[in-house]
1. Can you tell me how many residues within the stretch 74-86 are open to solvent by 30 Å² or more (accessible area, probe 1.4 Å) and within 11 Å of the ligand (Cβ to nearest atom)?
2. With respect to Ala17, is the statement that it is near the ligand (Cβ under 9 Å from one of its atoms), among the small types (Gly, Ala, Ser) and within 23 Å of Gly106 (Cβ to Cβ) true?
3. For the stretch 107-159, name all the residues that are charged (D, E, K, R) and within 19 Å of Trp70 (Cα to Cα).
4. Does the stretch 59-72 contain at least one residue that is away from the ligand (no atom under 11 Å from the Cβ), of a type in the set (S, T, N, Q) and touching a helix residue (DSSP H, G or I) at 6+ places or on another chain (Cβ under 9 Å)?
5. Quick one: count up the residues across the stretch 87-106 that are open to solvent by less than 50 Å² (accessible area, probe 1.4 Å) and not in a helix (DSSP H, G or I).
6. State the number of residues belonging to the stretch 1-20 that are over 26 Å from Lys97 (Cβ atoms) and crowded, with 22+ Cβ neighbours inside 10 Å.
7. Consider the stretch 50-73. How many of its residues are more than 18 Å from Val115 (Cα to Cα) and open to solvent by less than 20 Å² (accessible area, probe 1.4 Å)?
8. Which pairs do you get when a residue that is free of Cβ contacts under 8 Å to residues at least 12 places away in the same chain, found in the stretch 77-98, comes within reach of a residue that is within 10 Å of the ligand (Cβ to nearest atom) and open to solvent by less than 50 Å² (accessible area, probe 1.4 Å), reach meaning Cβ atoms under 8 angstrom, with the pair 6+ apart or on two chains?
Amino acid sequence: MSIKEKLDPNRIPQHVAVIMDGNGRWAKQRGKDRLEGHHQGAKAARTTVEAAAEIGVKYITLYAFSMENWNRPKDEVAGLMSLLLSSIASQLGDLIKNNIRLKIIGDTSLLPPDVFAQVNQAVQQSQNNTGLTAIIALSYGSRNEIVNAVKNIVADYKSHPQDIEKFTEEDFANYLYTKDIPDPELLVRTSGELRISNFLLWQLSYSELYFTNVLWPDFSKEDFFEAVYNYQQRERRFGKTSQQIANLK
Ligand code: FPP
């Protein structure tokens, strides 16, 4: 029985977040340029989106470029930007055909104008699609997202500060890039690193974390299904006891 067939169709996570790590090491192991690792990584991103759609995941968030990644060597940043541009341009037709909605989270004002324009166009063109939502975290940093949320809340409540008393966690979530997107039930990180790296700090509060040693360019559909299978074996308690969870069933 394949790992995909072993999955419980009633317990597919709605939202899976992925830290795609290990492109550089994959390239180094083969004596290749780091950008070759990113090219293979872009292929793995496509395969993973397909795998998610195949099993009925509703949202997948891929960490493609962090706020901190702007500090990488200039030619690597330029190479990654041009890869994003060409990946989005070449995949847009397939995205539309497969009813996939593209979303971007992050500070897109920092993107080069051509990348910004291409990304926006793809988002607009796919906005009415009703299948999987593929969310690309681009120029994304979670602390930055939270600080911006706080600034916007302060501005919004300036004229009626007394109302802040009634402000809830749900209200806060509405100030994040991920407004209207359910929190991920599962986070996958490749390449054996055991960190969150400033990714979705608020949204991952109750997520199950899955780490694999596979380097991102080698990440296959089977690897994705394996992560979901592993998730399905876990008991999610949200601070309650096992007994309380069993009584709810
Ligand atoms: C981490 O590997 C990967 C990145 C910083 C970039 C991720 C980008 C892609 C997979 C390509 C574009 C994606 C899409 C969605 C089109 P690393 O460079 O940190 O690897 P290392 O830790 O081994 O050096």
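The values are calculated or read from the model by the stated rules, or taken from the named source; none is laboratory data. These figures come from a predicted structure and were not determined experimentally. Cβ: placed from backbone, ideal geometry, glycine included. Neighbour counts: every protein chain shown. Just so you know, the surface numbers come from the protein's heavy atoms only, side chains and all, with ligands and any DNA or RNA stripped out. Shrake-Rupley method; radii C 1.70, N 1.55, O 1.52, S 1.80 Å.
1. Filtering the stretch 74-86 down to residues open to solvent by 30 Å² or more (accessible area, probe 1.4 Å) leaves 74-75, 78, 82, 85-86.
Those still in the list that are within 11 Å of the ligand (Cβ to nearest atom) too: 82, 85-86.
So the answer is 3.
2. Details: near the ligand (Cβ under 9 Å from one of its atoms): no; among the small types (Gly, Ala, Ser): yes; within 23 Å of Gly106 (Cβ to Cβ): yes.
For Ala17, the condition - near the ligand (Cβ under 9 Å from one of its atoms), among the small types (Gly, Ala, Ser) and within 23 Å of Gly106 (Cβ to Cβ) - is not met.
3. Hits for the stretch 107-159 are Asp107, Asp114, Arg143, Glu145.
4. Yes, some residue in the stretch 59-72 is away from the ligand (no atom under 11 Å from the Cβ), of a type in the set (S, T, N, Q) and touching a helix residue (DSSP H, G or I) at 6+ places or on another chain (Cβ under 9 Å).
5. 5
6. 1
7. Total meeting the criteria: 5.
8. Matching pairs, first to second residue: Val77/Asn69.
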